[in-house]
Amino acid sequence: MSTVVQLRQGRRAQPRPARLALLGTGTVGSAFVERYTRLAAQGVPLPEVAWLCNSRTQVLGGDDLPAALAQARAAAHRRAGFPPWAEGESPKPGDIIVDATASETVADWHPEWLTRGVHVVTANKLGTGGDLGRAQAIGDARAIGGRYGDSATVGAGLPLLRSLRALIDGGDRIHAIEGVLSGSLAWLFSHHDCSRPFSALVRAASAAGYTEPDPRVDLSGEDVRRKLLILARAAGIALPAHEVVVESLVPEVLARAADADVDQALTALDGPLDARRVKAAANGERLCFVGRFDADGARVGLRALPIGHPLCAGNGTDNRVAIHSDRYSAQPLVIQGPGAGAEVTAAALLDDVLAIAHAQADSGERVGIL
Ligand SMILES: NC(=O)C1=CN([C@@H]2O[C@H](COP(=O)(O)OP(=O)(O)OC[C@H]3O[C@@H](n4cnc5c(N)ncnc54)[C@H](O)[C@@H]3O)[C@@H](O)[C@H]2O)C=CC1
Ligand SMILES: N[C@@H](CC=O)C(=O)O
């Protein structure tokens, strides 16, 4: 074999390093950068962060990620136009998009990126927890294209989706899933003793990074609906969003408030929820926000449960979820642990990034080592 042929073959075999783009530099995106920086300093091999983007700007990653993050977060508000990441270089097959936004626009891109062989790792639940058509497009695209890391979308990385998929891969059918799926609502109802207004607790949960960017998404049951849809669809049930019966906690005046007025309008929660708390306590019950699907349908709402009820056993932001399947029919498989917070969510995103990087290395695909 001539030297030229050897050189050409050598070049072809050399994979281009995978690059990572972080979309979203808010609570979760910032925790992602913090954890990434810490892991990199520990010598964990990670794909290079090439870009950081938010709704206002796109900046290059480079060697000093915290500085790039600060630059992105300081960018001025922009009124209109394409999202900044849509105006720059397109990701290539093997690159990894980390979606730490709550954006419908970004979720709409998930199937497109996957089809192009770009991997998607997401904390944004709208991809598979929103419109059924989009969730199915993601399912089709991940079967032929990039990998989809969704650990952060349910339980903020608790091994829920992973366990569910392992049961299904092992031949089990899923009969029902029921549980406390909202970390912020779990925290709120475990702290709600009427000594402080419920609205003050909501502000505290928001400041701690447990709520969605708009806390009404949690309080309306919408966030739990999304998680229930993600679980049901992962179990093979093509459940449309409108078939989940949702009991919202949001009074009309809060639901209609403009974004700037939400904080003030939160006080509309105080009277009705104090009344429900007092009634439940008088009956020896505790308030729990529960989601459930089974053969009879799917339902999300606030329930008053006996204090010793297994779903009431968690603390703080704990999610507690029971999976009933063929092998777990007499007693369900129960998974419990912190289900909200920027650090656990960022850890779940990085777990998925690392799993993709390892799979790339194993299969000889593009792999980037920092
Ligand atoms: N806080 C938690 O415990 C958990 C949060 N999540 C999810 O993480 C996601 C992010 O939440 P937070 O960080 O609290 O939100 P945030 O509001 O603090 O940050 C959102 C970021 O997305 C950016 N963004 C919005 N539209 C964009 C677009 N079109 N293109 C690029 N960037 C865009 C914003 O500029 C901002 O930087 C949400 O989808 C949430 O549901 C998931 C699991 C747990
Ligand atoms: N707002 C969510 C955060 C995690 O998904 C919750 O309260 O559980």
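Some notes on this structure:
- Helix-derived mean residue ellipticity, 222 nm - over the chain, DSSP H n ≥ 4, -39500 (n - 2.57), to 500: -12500 deg cm²/dmol
- The share of alpha-carbon pairs in the chain lying farther apart than 36 Å comes to 26%.
- Prolate/oblate/rounded call for the range 245-370, Cα gyration tensor, a/c under 1.5 rounded: oblate
- Choice from 200, 235, 41 showing the highest fluctuation, given a GNM over the chain with Cα pairs closer than 10 Å: 41
- Its relative contact order, with pairs defined as Cα atoms under 8 Å and 6+ residues apart, puts the chain at 22 percent.
- Residues 105, 57, sorted so that the one with the fewest Cβ neighbours within 10 Å comes first: 105, 57
- Reach of residue 92 by Cα under 24 Å, taken over lysines that are not fewer than 8 positions away in the same chain: 125
- Note on residue 208 and residue 274: with the Förster distance fixed at 22 Å, the Cβ-Cβ geometry gives a FRET efficiency of about 0.50.
- Residue of 280, 340, 166 that the Gaussian network model of the chain assigns the largest fluctuation, springs spanning Cα pairs under 10 Å: 166
- Here's the list of aspartates and glutamates a cross-link from residue 227 could span, going by alpha-carbon distance under 17 Å and ignoring same-chain residues fewer than 8 apart: 99, 104, 131, 150, 178, 212, 214, 218, 243, 247, 294, 318.
- Between residue 238 and residue 330, the FRET efficiency from the beta-carbon distance, with R0 = 30 Å, is close to 0.60.
- FRET efficiency estimate (nearest 0.05) - Cβ-Cβ, residue 71 to residue 309, R0 45 angstrom: 0.35
Each value in this text was obtained by applying a stated rule to the coordinates, not by laboratory testing. Not measured: the values here are computed from a predicted model. All Cβ positions, glycine included, derive from the backbone under ideal geometry; neighbour counts span all protein chains shown.
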